[in-house]
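Written below as structure tokens is the structure these notes are about.
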Amino acid sequence: IDQLHSWGYELVVPPLIDYLESLLTGTGNDLKLQTFTLTDQVSGRQMGIRADMTPQVARIDARQLGRETPTRLCYIGTVLHTRPDGFAGGRSPLQCGAELYGSASVESDIEIIRLMLATLEKTGITEAHLDLAHVGIFRGLVQQAGLNPQQEAELFDALQRKAVPEINNLLDAWALDAAQVTMLRALVELNGGSEVLDKAAEVFASASDDVRAALEDLKQIAASLQSYLPNTPMFFDLAELRGYHYHTGVMFSAYLPGHGQAIAWGGRYDDIGKVFGRARPATGFSTDLKQLVSLTD
């Protein structure tokens, strides 16, 4: 927390139990399934034990602070999950993270990624690998191809499983424009080092402005991080869509060699404050301090 504060991030302390609409806003169904619920005996309203602190921090930015300038906030506290989060994951992580509100620039994403890696280094983890993706690429291609919500969901599911024959069958059955099929089919193969971004630029040459802008964001982030952190391995997967219904831009995760689960994660989620009356640009990261301690014992 001292380090986060030294980067300009103010500590906020949201409540452990909150009204359900404040806990789940803008986060999709995944968080709802992870949240324990109860009924307030005074008002009769549904409440929950927080499974993620980000929606609460967004409310603080929107309602309690209400600033027009960029706001940097950090937090630490226990969250509770109905089920363990991933293999060997616990149900009560000690969540620590940082959020930057009010800036839509790619420099904000770069700052958050650097801060995430600096936080890991503070706990003794110096060999983290960084995975990067961008939901705008898939979302833009889907819109350009004119897929309906059901088709989008089917393709999304097949991409997450890297089910190439199923992806091919779906694209063939929908009788799309040949150029759209080529771009959508290429997604599953576009993973690897920074050379993937150059290959993607060729494949998506006829893509919409949104797709090419998303790819340019990834290129700028990669170039900047390579300058700041030349020894940090970076991996790109343009079919990685975890948090697709929650994130609005770049997504990133940190991994430790020999450890299968991400040890820190984050991304851009510009719409999260909308329900609170201020849909400011937002980017951030979080990690489980308990897990970090166990990895560095």
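Results, tabulated for the structure shown:
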{"read-out": "Mean separation of Cα contacts under 8 Å (6+ apart) over length of the chain, as relative contact order %", "value": "24 percent"}
{"read-out": "Cα-derived Rg to Rh of segment 1-156, Kirkwood definition", "value": "1.00"}
{"read-out": "Links that overshoot a 29 Å alpha carbon limit, given the list K32/K162; K32/K219; K219/K290; K122/K162", "value": "K32/K219; K219/K290; K122/K162"}
{"read-out": "Share of carbon and sulfur in the accessible heavy-atom surface of segment 1-139 [1.4 Å probe, %]", "value": "52 percent"}
{"read-out": "Net lengthening on full extension, S227/H129 (0.36 nm per residue, minus Cα-Cα)", "value": "33.7 nm"}
{"read-out": "Charge dipole (debye, nearest 20) of the chain; +1 at Cβ of Lys and Arg, -1 at Cβ of Asp and Glu", "value": "780 debye"}
{"read-out": "Å² of accessible area per residue within the chain, as computed with a 1.4 Å probe and no ligands counted", "value": "47 Å²"}
{"read-out": "Whether segment 184-297 is rounded, prolate or oblate, judged on the alpha carbon gyration tensor where a/c under 1.5 counts as rounded", "value": "oblate"}
{"read-out": "Theoretical ellipticity at 222 nm over the chain - DSSP helices of four or more residues, -39500 (n - 2.57) apiece, nearest 500", "value": "-11500 deg cm²/dmol"}
{"read-out": "Counted charge near R280, where neighbours are those whose Cβ lies closer than 13 Å (Asp, Glu -1; Lys, Arg +1)", "value": "+2"}
{"read-out": "Carbon + sulfur, % of accessible area of segment 143-297 - ligands and nucleic acids excluded, 1.4 Å", "value": "51 percent"}
{"read-out": "C-alpha center-to-center spacing [segment 236-289, segment 93-150] in angstrom", "value": "5 Å"}
{"read-out": "Difference of contour (0.36 nm per residue) and Cα-Cα distance, R45 to E216", "value": "57.0 nm"}
{"read-out": "Debye log10 I(q)/I(0) at q = 0.13, 0.25, 0.29, 0.33 Å⁻¹ for segment 230-270, Cα point scatterers", "value": "-0.31, -0.99, -1.16, -1.25"}
{"read-out": "Label point distance in nm, L33-T296, each placed 7 Å from Cα along Cα→Cβ", "value": "3.2 nm"}
{"read-out": "Segment 186-252: proportion of alpha-carbon pairs further apart than 13 angstrom, %", "value": "66 percent"}
{"read-out": "Of I112, I263, I167, the one that fluctuates the most in a GNM where the chain has Cα springs shorter than 10 Å", "value": "I167"}
{"read-out": "On Cα atoms only, tilt of 135-145 relative to the major axis of the chain in degrees", "value": "40 degrees"}
{"read-out": "Global form of segment 237-297, assessed from the alpha-carbon gyration tensor, a/c cut-off 1.5", "value": "oblate"}
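The values are calculated or read from the model by the stated rules, or taken from the named source; none is laboratory data. From a predicted model like this one, the values you see are computed outputs, not experimental measurements. When we count neighbours, we look across all protein chains shown, and the Cβ atoms used for this are built from the backbone with ideal geometry, even at glycine. Each accessible area value is taken on the protein alone, full model and side chains, heavy atoms only, with ligands, DNA and RNA left out. Shrake-Rupley method; radii C 1.70, N 1.55, O 1.52, S 1.80 Å.
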